[in-house]
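For reference, the structure is listed below as structure tokens.
The values are calculated or read from the model by the stated rules, or taken from the named source; none is laboratory data. The model shown is predicted, which means the values in this text are computed figures rather than measured ones. Because the Cβ atoms are built from the backbone with ideal geometry, glycine has one as well, and the counts that use them run over all protein chains shown. Side chains are part of the model used for accessible areas, which takes the heavy atoms of the whole protein and leaves out ligands, DNA and RNA. Shrake-Rupley method; radii C 1.70, N 1.55, O 1.52, S 1.80 Å.
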Amino acid sequence: MPLSIAEESYLNSSLAMRPPCRPDGRDQMQLRPIDAATGILPTTNGSARIRLGDGGECIVGVKAEVITATHTSEAVHVEVDCDIAGVQSTDFLHNLLCSTLESAIRKSIPWKLLRITGKYRYKLFVDGVILDHASHPLTLFSMTTYLALLDTRIPELAPDSRSPDEDENENVKEDVSMPQYSNDWDEAEWLCKSWLPPLVLLGIVVSKNVFVDATGTEAEVSDGGLLTVWHEGRLVSVRVVNTKDSPKQVFSVSSLSNAIDVLSKASKEVERALKNVSHFA
């Protein structure tokens, strides 16, 4: 139900206070309680599920498939898709979620991590379904994808599938036969053994304050949003996005410094919490 003018004004004023006053009493960086689990889809290389206290729920599965390398040796093959309840695949929200996560993963993952031989590569398929969302689902989808990637394992190559690399003079060529794998899943290697996936958070800006894990009503009275990508202990990307269908969503540049600081601290805390759910704990 849309907010009345009086309700919208009161909520906006409360969130703009220093310090702000959120309806549920949380501070700016505090997330609502979540229920998280990994390894829930047995036919995938990795999977995760996160449920939010407001009823929002997301499930993500990761599949690593062998493909023939037809591009340059440093090509990274990642595809992200997500079904969102009540949202068509042509909707801007669907494109924002999928393109943001796909771009962040492509830019951060080392291409050698997906290399098998000179001829074959892995392609990662990240497929999610958001069963319900009372607030903007970007952070929910990102957190679940992060957990699913932490849970992803790659079967160990059989000894006869390990071929010598091409030397600098290209005198020695790799074996082009299809790689064979060990049947022992317990020997599979973690995808994130030497790499951590990126984490995307959406901060809602009201006046000079920014809020992590905003509710739907908080987004309705916001001045806009900041989409941030966290990787290797720092923010690697910051982008301004609309959080509702309004061309008037603008906020002061002077509020960016504080917002980036808050989102950096929040990203660090969220990453630590998600690691505790995974095998990293």
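Values computed for the structure shown
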quantity: Residues of the range 120-144 satisfying the condition of being among the aliphatic types (A, V, I, L, M) and part of a strand (DSSP E or B); calculated: LEU124, VAL126, VAL129, ILE130, LEU131
quantity: Every pair of residues 6+ apart whose Cβ atoms lie under 7 Å, when the first sits in the range 24-36 and is closer than 24 Å to ALA148 by Cβ and touching a residue at least 24 places away in the same chain (Cβ under 8 Å) while the second is exposed (fewer than 13 other Cβ atoms within 10 Å of the Cβ) and among the β-branched types (Val, Ile, Thr); calculated: none
quantity: Of all residues in the range 145-159 being modelled with pLDDT of 95 or more and in a loop (DSSP other than H, G, I, E, B), the one that is most open to solvent (accessible area, probe 1.4 Å); calculated: ASP151
quantity: Set THR70, THR100: member being in a loop (DSSP other than H, G, I, E, B) and either more than 13 Å from ASP127 (Cα to Cα) or not hydrophobic (A, V, I, L, M, F, W, C) (or both); calculated: THR70
quantity: CYS58 open to solvent by 50 Å² or more (accessible area, probe 1.4 Å) and touching a helix residue (DSSP H, G or I) at 6+ places or on another chain (Cβ under 6 Å); calculated: no
quantity: Matching option when the condition is small (Gly, Ala, Ser), over 24 Å from HIS133 (Cα atoms), modelled with pLDDT of 90 or more and in contact with a helix residue (DSSP H, G or I) (Cβ under 9 Å, 6 or more places away or on another chain), among ALA64, ALA75, ALA6, ALA16; calculated: ALA64
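Conditions tested, residue by residue: (1) in contact with a strand residue (DSSP E or B) (Cβ under 9 Å, 6 or more places away or on another chain); (2) open to solvent by 60 Å² or more (accessible area, probe 1.4 Å); (3) at positive phi.
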residue: ALA36; (1), (2), (3): yes, no, no
residue: GLY39; (1), (2), (3): yes, no, yes
residue: ARG51; (1), (2), (3): yes, yes, no
residue: ASP54; (1), (2), (3): yes, no, no
residue: ALA69; (1), (2), (3): yes, no, no
residue: SER89; (1), (2), (3): yes, yes, no
